[in-house]
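**Student:** Can you keep this structure in mind? I'll have questions shortly.
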Amino acid sequence: MDKSSPKPVPSSTDLAQKALDRLLAIDPYLKPYEKIILRRLSKISAAESHLTGDKMTLADFASGHEYFGLHHRNNQWVFREWAPNAENIFLIGDMTDWQEEEAFSLKRLDNGVWEIRLPPDTFKHRDLYRLRIHWPGGKGDRIPVYARRIVQDSTTLIFNAQVWLPKSSYQWQFPEFRRPTEAPLIYEAHIGMSQEEERIGSFREFTKNVLPRIVRSGYNTIQLMAIQEHPYYGSFGYQVSNFFAVSSRFGTPEDLKALIDEAHSAGLAVLMDIIHSHAVTNETEGLSRFDGTLYQYFHDGPRGRHTLWDSRCFDYGKHQVLHFLLSNCRFWLDEFHFDGFRFDGITSMLYLHHGMNKAFTTYDDYFSDDVDEEALTYLALANKLIHNLKPEACTIAEDVSGMPGLAATMNNGGFGFDYRFAMGVPDNWIKLIKEVPDENWPLGHIWHELTNRRADEKTISYAESHDQALVGDKSIIFRLIAEDMYDHMRIGDETIRVDRGMALHKMIRLITLATAGAGYLNFMGNEFGHPEWIDFPREGNNWSCKYARRQWHLVDDPNLKYQFLARFDHDMIALSKKFKLLDAPGPNLLYEHSDHKIIIFERAGLVFAFNFHPHQSYSDYRLETPAGTYRMILDSDAPEYGGHNRLVAGQEHKTSFDIVADRQFHLLSLYLPSRTVLVLNRL
């Protein structure tokens with residue numbers, strides 16, 4: 001062959017086979033399913049080729065938000081919408097006195113696309129508008145699908161699109177920010193409930209009052225909930241109606257940009273909870289029956305409805321739906337400089353049964369006919385798009401099923417998420433606290449639950465999520481202390497229940513962090529043991545915001561014990577960052593004794609010694625370790641953490657030497673107080 005001849009380009013099938021080979025090398029137990037896996041990998045390449053026509057990049061394809069919707073360009077207004085079943089469409093609003101006018105009738109183009117071009121003086125900033133769509137046998141008002149600003153009238157409660165064209169565009173102060181490469185330490189936050197007063201909070205208040213707290217706490221990433229517009233505040237943001245609109249109840253798009261800019265100035269990455277697993281059933285505000293059909297964006301019939309969530313399920317096999325969702329990913333990256341996404345409800349997307357009443361016990365569950373391979377294809381394409389646009393972006397999958405390869409790279413036969421949540425960890429903690437007295441906690445089982453993860457996928461652990469704090473459930477601290485939180489959290493007021501609760505709260509959080517795969521998450525306020533539950537305003541509570549807020553004064557009050565939990569959380573986060581704990585392999589179990597309630601492990605050169613026993617302390621507890629001198633650098637029993645001060649701060653321990661049956665040992669002798677964890681650093 002002529003050496004100057006170009007090398008043959010590998011086919012998509014060849015690339016899929018190589019990726020599969022790498023996956024099987026990592027996990028040989030997937031061998032019986034290799035044909036199914038190869039088919040899935042090949043579908044991803046085929047879908048990308050179909051969408052791009054091999055004539056453009058995936059990023060170019062994912063630019064529907066620049067074509068559809070309302071835009072002011074070249075001294076005119078241009079509006080476009082995809083509504084294939086429509087017979088006629090009118091723009092109505094302030095400019096038409098909410099009546100149909102022929103001058104505002106859209107023209108039908110090809111492929112179900114409608115368009116209208118209007119003079120520059122047609123709209124002004126903050127004008128309200130919507131669509132009136134006529135279809136065979138009916139008509140209805142609709143919010144435009146790609147609308148970027150939705151507002152609700154405080155009197156009528158009606159939602160409308162709003163023209164958003166401020167005199168000057170937002171000027172980014174830190175446009176070159178790049179997400180830190182260190183392991184994500186995530187502070188999950190909800191803007192509306194982040195303030196102290198009994199009302200809905202704003203982006204500006206969060207930036208001024210809460211962001212500095214997050215910076216001081218040491219977390220390096222913020223994960224924002226409920227950003228996409230949702231008609232029902234109490235849905236926690238998970239029933240989205242308008243996918244391209246920032247929820248106006250928290251402020252303006254510029255307010256959100258300023259928040260993200262300020263976070264970037266402090267070195268914090270900002271992730272967004274993105275909801276692509278389902279959509280609200282609302283028709284005027286949402287996508288359901290947008291053009292008179294139930295199947296425009298969603299599956300028709302029963303498959304198009306999620307009965308448990310009372311929502312609509314996307315048809316991921318439809319070209320236009322992929323265009324819509326991929327464009328949505330790009331929009332939030334381009335327009336708001338988010339540093340990545342936490343994809344909600346992945347399990348619901350992946351399976352036709354949505355994971356409802358399903359226990360995933362064998363690999364067969366991941367390769368049955370119940371898997372929606374079109375949803376898998378979409379998720380892989382979304383990850384490829386996001387990382388092509390922003391290589392340092394972070395994507396996290398919320399999947400309880402354990403689908404293999406979800407958070408593996410595409411080169412290794414996966415679907416491209418950077419991380420997956422270790423969702424079994426918080427479930428296990430709550431189950432233990434509810435059902436098993438801590439003197440009977442099975443430490444071997446706890447260790448298994450904390451470290452049970454796939455070697456080829458990075459996971460993010462958390463002790464509790466926002467779900468555990470919602471009405472109908474309880475946060476860890478509330479389960480441990482219960483009503484004593486109301487009467488006995490003042491310094492000097494000592495009760496056994498509060499003492500137990502605070503000790504276990506610290507231990508549970510540190511062992512969860514120290515054993516995490518590659519990241520850690522905390523929900524806003526849980527770090528200091530925020531009392532009570534989360535209950536959004538609803539008819540059942542008289543539309544009260546009493547429990548949809550954070551009582552920051554509790555941690556700020558020097559007379560209360562919440563400060564001790566917050567200080568411990570700060571110092572364990574600082575320890576993790578200083579020693580690059582989650583970037584290190586492991587953890588490596590050194591010793592476990594379930595009867596003694598002792599578990600000791602090593603990671604990043606540190607020794608973590610936990611004594612979960614409710615009343616038994618141990619003196620001269622001997623442990624085999626490498627020879628050397630070890631200094632205690634963290635002690636949950638220290639007085640600054642509300643402990644009993646049974647250890648000497650900074651105490652050093654030297655190993656001793658012993659020989660048993662011709663085997664040489666280096667032994668560390670430790671005093672392990674009850675319900676205490678201490679961390680040692682080898683000098």
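The values are calculated or read from the model by the stated rules, or taken from the named source; none is laboratory data. Not measured: the values here are computed from a predicted model. No Cβ is skipped: glycine too gets one built from the backbone with ideal geometry, and neighbour counts run over all protein chains shown. Side chains are part of the model used for accessible areas, which takes the heavy atoms of the whole protein and leaves out ligands, DNA and RNA. Shrake-Rupley method; radii C 1.70, N 1.55, O 1.52, S 1.80 Å.
**Student:** What are the extents of the Cα atoms of the range 393-505 along their three principal axes, listed from largest to smallest and rounded to whole Å?
**Tutor:** 58, 30, 25
**Student:** First measure r as the distance between the Cβ atoms of R538 and L294, then evaluate 1/(1 + (r/R0)^6) with R0 = 30 Å and state the FRET efficiency to the nearest 0.05.
**Tutor:** Once rounded, the FRET efficiency stands at 0.60.
**Student:** Describe numerically, in nm with one decimal, the distance between label points set 7 Å from Cα along Cα→Cβ at H445 and at Y591.
**Tutor:** 2.5 nm
**Student:** To the nearest 20 Debye, how big is the dipole of the chain about its Cα centre, given +1 on the beta carbon of each Lys and Arg and -1 on that of each Asp and Glu?
**Tutor:** On the way: 74 positive and 92 negative charges, 225 e Å.
Computed about the Cα centre, the dipole is about 1080 debye.
**Student:** Sketch the reach of a paramagnetic label on L157 as a point 7 Å from Cα along Cα-to-Cβ, and name the residues of the range 220-257 whose backbone nitrogen lies under 13 Å away.
**Tutor:** From the range 220-257, the list is 231-234.
**Student:** Another one. Amide H to amide H, which residues 5 or more places from Q223 or on other chains are under 5 Å from it, using H placed in the peptide plane?
**Tutor:** Y187, E188, A189, L271
**Student:** Quick one: how many Å² of M193 are accessible to a 1.4 Å probe, rounded to 10?
**Tutor:** Accessible area of M193: about 0 Å².
**Student:** From the phi angles alone, apply the Karplus equation (6.51, -1.76, 1.60; θ = phi - 60°) to the range 315-329 and give each ³J(HN,Hα) in whole Hz, x where the residue is Gly or Pro.
**Tutor:** With coefficients 6.51, -1.76 and 1.60, one gets 9, 6, x, 9, 3, 5, 5, 5, 4, 4, 6, 5, 4, 5, 4 Hz.
**Student:** If you don't mind, another one. Under 16 Å from the Cα of K384, which lysines turn up, not counting those fewer than eight places away in the same chain?
**Tutor:** List returned: K43.
**Student:** Ordering D658, D620 from largest to smallest accessible area (1.4 angstrom probe), what's the sequence?
**Tutor:** Values: D658 50, D620 110 Å².
From most accessible down to least: D620, D658.
**Student:** Here is a follow-up. Using the C-alpha gyration tensor of the chain, what are the square roots of 5 times its eigenvalues, in whole angstrom, with the largest one first? Intermediate results must be reported in sequence, preceding the final value.
**Tutor:** Values: eigenvalues 464, 196, 95 Å².
Three semi-axes, in Å: 48, 31, 22.
**Student:** How much of F528 can a 1.4 Å solvent probe reach, expressed as accessible area in Å² and rounded to 10?
**Tutor:** About 0 Å², rounded to the nearest 10.
**Student:** Pairs of alpha-carbon atoms within less than 8 angstrom and 6+ residues apart define the contacts here; what relative contact order does the chain have, in percent? Display every interim value, and only then the final one.
**Tutor:** Values: 1337 pairs, mean separation 71.7, N = 683.
Relative contact order comes out at 10 percent.
**Student:** Report ³J(HN,Hα) in whole Hz for each residue of the range 82-94, in order, from the Karplus equation J = 6.51 cos²θ - 1.76 cosθ + 1.60 where θ = phi - 60°; Gly and Pro get x.
**Tutor:** Result, rounded to whole Hz: 9, 8, x, 8, 6, 9, 7, 9, 10, 7, 10, x, 4.
**Student:** OK, next. Could you sort out which of K506/K580; K506/K546; K208/K578; K431/K474; K358/K458 sit more than 18 Å apart by Cα distance in this structure?
**Tutor:** Working: K506/K580 20 Å; K506/K546 27 Å; K208/K578 27 Å; K431/K474 11 Å; K358/K458 24 Å.
Over 18 Å Cα-Cα: K506/K580; K506/K546; K208/K578; K358/K458.
**Student:** Once fully extended, how much extra length lies between R39 and T307, figured as 0.36 nm per residue of separation less the alpha-carbon to alpha-carbon distance?
**Tutor:** Value of the extension gain: 93.5 nm.
**Student:** 5 Å is the cut-off here: which amide hydrogens, built 1.01 Å from N in the peptide plane, fall below it relative to R538, excluding neighbours closer than 5 in sequence?
**Tutor:** Residues meeting the amide H criterion: W543, S544.
**Student:** Simple spin-label model, 7 Å along Cα-to-Cβ: I633 to H553 in nm?
**Tutor:** According to this spin-label approximation, the distance is 3.9 nm.
**Student:** Report the antiparallel proportion of the DSSP beta bridges in the chain as a percent, rounded to a multiple of 5.
**Tutor:** Details: 75 of 102 bridges.
Around 75 percent antiparallel, to the nearest 5.
**Student:** Enumerate the calculated ³J(HN,Hα) couplings along the range 195-205 in order (Karplus 6.51 cos²θ - 1.76 cosθ + 1.60, θ = phi - 60°), each rounded to whole Hz, writing x wherever the residue is Gly or Pro.
**Tutor:** 9, 7, 6, 7, 6, 7, x, 10, 4, 5, 5
**Student:** Which is farthest toward the positive dipole end of the chain among L680, L379, Y621, measuring Cα position about the Cα centre, with Cβ charges +1 (Lys, Arg) and -1 (Asp, Glu)?
**Tutor:** Of the listed residues, the answer is L680.
**Student:** Moving on. Which Cα, out of T221, L667, Q468, lies furthest along the positive dipole direction of the chain (beta carbon charges, K/R +1, D/E -1)?
**Tutor:** L667
**Student:** Also, quick follow-up: Dipole of the range 559-637, Cα-centred, from +1 at each Lys and Arg C-beta and -1 at each Asp and Glu C-beta, to the nearest 20 debye?
**Tutor:** The dipole of the range 559-637 has a size of about 300 debye.
**Student:** Amide H neighbours of Y591 under 5 Å, at least 5 residues apart or on other chains, H built in the peptide plane: list them.
**Tutor:** Correct list: I600.
**Student:** Right, something else. Only helical DSSP H runs with n ≥ 4 go in: add -39500 (n - 2.57) per run for the chain, normalise by residue count and round the 222 nm mean residue ellipticity to 500 deg cm²/dmol.
**Tutor:** -7500 deg cm²/dmol
**Student:** Name the residue farthest towards the positive end of the dipole of the range 1-153 from the options L51, A103, P84, assuming +1 on Cβ of Lys and Arg, -1 on Cβ of Asp and Glu, about the Cα centre.
**Tutor:** The residue sitting most towards the positive pole is L51.
**Student:** What is the distance, in nm, between label points placed 7 Å from the Cα along the Cα-to-Cβ direction at K578 and at V436?
**Tutor:** 3.3 nm
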